[in-house]
Amino acid sequence: MKLILLGAPGAGKGTQAEVICDKLNIPAISTGNILREAMKNGTEMGLKAKSFIDSGALVPDDVIISIIKERLVQDDCKNGFILDGVPRTVAQAQALEEMGVEIDKVIDIEVADDTIVKRLSGRRVCASCGASYHTIFKPSVKPDVCDRCNGQLIVRKDDEPSTIVERLKVYHELTEPLVEFYKERGKLVVVEGVEGVENTTKLLFEKLGV
């Protein structure tokens, strides 16, 4: 099964991608990972991407899509794959189509913005050992103190409410139009993100029929 995973930051895409991979025995492919792999392997497109990154420029859509196409012909993608984090824009989705990349289903995990802000802003990370906590879902025994090493629990920059709101704004402007794009093509599967990872997973597999 060839899938694309959509959803705002904090919607739980990464966790669901791992579960789908294990269930269907297919790889998850993210933009960051394939860019690093292509540059490490010194492929033609990898070297081209490196030239943009080294100069401080954004890697153009055509280069990113070409690298994705290179990745999708590898043996582990014969039974399918999950694209996570790409396409990010309608232009990238159109480029995928033009390059002949076929997609079976596009899963959109929908979670309300206020729920996402609540989820992400409650996260805490130990400054010493990196252990993760959440003020509501996984609190430490002592407030702001790591259970493991007694280190200080901090809020990462990405988890500050103002940063989360900005990330959501960018998602709604650039990526959310993909929902309508794939709906028009009859490929969209909407999954309501609910409390409890396993509950969302159950809904997801029901929608996919697996």
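The values are calculated or read from the model by the stated rules, or taken from the named source; none is laboratory data. Note that this is a predicted model, so its numbers are computed, not measured. Please note: Cβ atoms are built from the backbone with ideal geometry, for glycine as well, and neighbour counts cover all protein chains shown. Note: accessible area is taken over every heavy atom of the protein model, side chains too, but ligands, DNA and RNA are not part of it. Shrake-Rupley method; radii C 1.70, N 1.55, O 1.52, S 1.80 Å.
Worth pointing out:
- Sites listed here are trypsin sites (Lys or Arg not before Pro) in segment 132-172 whose DSSP assignment is loop and whose Cβ has at most 13 other Cβ atoms within 10 Å: ARG148, ARG156.
- Per residue, the chain exposes 55 Å² of accessible surface when a 1.4 Å probe is rolled over the protein heavy atoms with every protein chain present.
- Under a Gaussian network description of the chain, with springs only between Cα atoms under 10 Å, the residue in ILE109, ILE136, ILE64 that fluctuates furthest is ILE136.
- Computed FRET value (nearest 0.05) for VAL194 with ASN150, which takes r as the C-beta separation and R₀ as 41 Å: 0.75
- FRET efficiency for the pair GLU18 and ASP54, taken as 1/(1 + (r/R0)^6) with r the Cβ-Cβ distance and R0 = 41 Å, rounds to 0.85.
- In percent, rounded to a whole number, the relative contact order of the chain is 26, using alpha-carbon pairs under 8 Å and six or more apart.
- Farthest positive-ward along the chain dipole, Cα basis, beta-carbon charges - from GLN92, GLY32, VAL125: VAL125
- The ellipsoid that matches the Cα gyration tensor of segment 1-112 has semi-axes, each √(5λ) in whole angstrom, of 23, 16, 14, with the longest given first.
- Cβ-defined net charge surrounding ALA95, 10 Å radius [Lys, Arg +1; Asp, Glu -1]: -3
- If you take all other residues with their beta carbon under 12 Å from the beta carbon of ILE34, and give Lys and Arg +1 and Asp and Glu -1, the sum is +1.
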